[in-house]
Amino acid sequence: MFVKDIERLGLTEKEAKMYLTSLRVGPASMQLLASKAKIDRGTAYHVAKTLGQKGLFEQISGGKRPHFGVTTPQQFFAYVSEQKRAADEHFAAMEAMITDLMSLYSLYGK
């Protein structure tokens with residue numbers, strides 16, 4: 001449930017599973033999150049790292065067995081908003097270049 005929806009927002013399938021599992025379970029050990037998300041524990045650490053780089057996942061506590069969890073859904077909204085802003089910039093840049101690119105393309109008689 002929701003995995004495909006979350007994927008459409010820019011996460012991989014495993015990132016979406018980890019994100020949703022952590023929302024449902026709350027802060028937990030990586031072993032528990034991996035088990036509930038049905039992904040390998042080693043992969044779960046990698047997924048947690050990539051989610052963390054996106055600002056969507058964090059280590060909650062230290063100690064012998066640290067717990068991990070998602071940041072607020074508002075942070076996810078901010079991530080998606082930033083992706084949209086970047087895509088809009090790319091679109092504007094392409095729009096400004098398309099005529100010149102088509103001119104170069106036409107040099108080869110295609």
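Hey, got a sec? Which trypsin sites (Lys or Arg not before Pro) in the stretch 9-67 land in a DSSP loop and have at most 12 other Cβ atoms within 10 Å?
Of the trypsin sites (Lys or Arg not before Pro), the ones in loops of the stretch 9-67 whose Cβ has at most 12 other Cβ atoms within 10 Å are K38, K64.
Taking only DSSP H segments of four or more residues, each worth -39500 (n - 2.57), what value at 222 nm results for the chain once the sum is divided by all its residues, to the nearest 500 deg cm²/dmol?
Dividing the helical sum by the residues of the chain leaves -22000 deg cm²/dmol.
Suppose a student asked you for the relative contact order of the chain, using Cα pairs under 8 Å spaced at least 6 residues apart; what percent would you report?
The value is 20 percent.
For the chain, with only Lys/Arg (+1) and Asp/Glu (-1) charged at the beta-carbon, what is the dipole magnitude about the Cα centre, in debye rounded to 20?
Around 720 debye, computed over the chain.
Which of the lysines could a cross-linker bridge to K36, judged by Cα under 29 Å and excluding same-chain residues fewer than eight apart?
K4, K14, K17, K49, K54, K64
Please report, ordered by residue number, every helix of the chain (full DSSP H runs) that is 20 Å or longer along its axis going by C-alpha atoms and whose mean Kyte-Doolittle hydropathy reaches -1.0.
Counting only whole DSSP H runs, the qualifying helices are 73-106.
Given C-alpha coordinates of the stretch 1-71, what is the ratio Rg to Rh with the Kirkwood estimate of Rh?
Answer for the stretch 1-71: 0.93.
The numbers here are math on the coordinates, done by the rules we state, and not lab data. No experiment lies behind these values; they were computed from the predicted model shown. Cβ atoms come from the backbone with ideal geometry, glycine included; neighbour counts cover every protein chain shown.
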